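Student: One structure is given below, represented as structure tokens, and several questions about it will come after.
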Amino acid sequence: MATTTTRAKATGRQARERVRVTVYLDEPLANWGKQQEGGLSELLRRLLVDARQEQSQTPSHYPPELMAPYKRLIDKKLAQGLTHEEERELAQVRERMGAFDRALPSWERSEAIVAAIDQEFADIRALVESSPKKRRASQAES
């Protein structure tokens, strides 16, 4: 669970966003983390910073006008839940993202691969169904 708060110091500097994260660990893992340099809290901070940096370096293939509302709605859903109107908005954004994906050239290639695999399974099924052993088994059941 993550919640985001913004705090500004009285000095007038720019507000700094802070995120409160609840992490559940099993006891052996928690004990191992406590033994790490800086303790468990420092280990978790480093992991979260690394994850955020990795996420920010991975460019999205979706346009910003899709990603901005998607991120906003997902963050809100994770933090406190969505209203019915926001659920509908999220569904619409996801549908637009799906349409965007289906318009990519890689979508056609992946669909062709899936179709080829489905055909292979159908061929194998037909071969198994037509095997003499299978025919004898089905005749014995009759």
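Student: Quick one: if you stick a label point 7 Å off each Cα along the C-beta vector at ASP26 and LYS71, how many nm between them?
Tutor: Placing both labels 7 Å along Cα→Cβ, they lie 3.5 nm apart.
Student: Now, a different point. How far is it, in nm, from the label point at GLU37 to the one at ALA91 when both lie 7 Å from their Cα along the line to the Cβ?
Tutor: About 5.1 nm, to one decimal.
Student: So, one more: Output the Kirkwood hydrodynamic radius of region 33-113, Cα pairs only, in Å rounded to one decimal.
Tutor: That comes to 15.6 Å for region 33-113.
Student: Using the beta-carbon distance between VAL128 and GLU108 and R0 = 30 Å, what value does 1/(1 + (r/R0)^6) give for FRET efficiency, to the nearest 0.05?
Tutor: 0.45
Student: What order do you get for 114-127, 30-43 when each peptide is scored by the mean count of other beta carbon atoms within 10 Å, highest first? Intermediate results must be reported in sequence, preceding the final value.
Tutor: Numbers: 114-127: 10.0, 30-43: 12.1.
Taking the mean over residues of other Cβ atoms within 10 Å, the ranking is 30-43, 114-127.
Computed from the coordinates by the stated procedures, all read-outs in this text should not be read as laboratory data. Remember, predicted model here, so these are calculated numbers, not experimental data. No Cβ is skipped: glycine too gets one built from the backbone with ideal geometry, and neighbour counts run over all protein chains shown.
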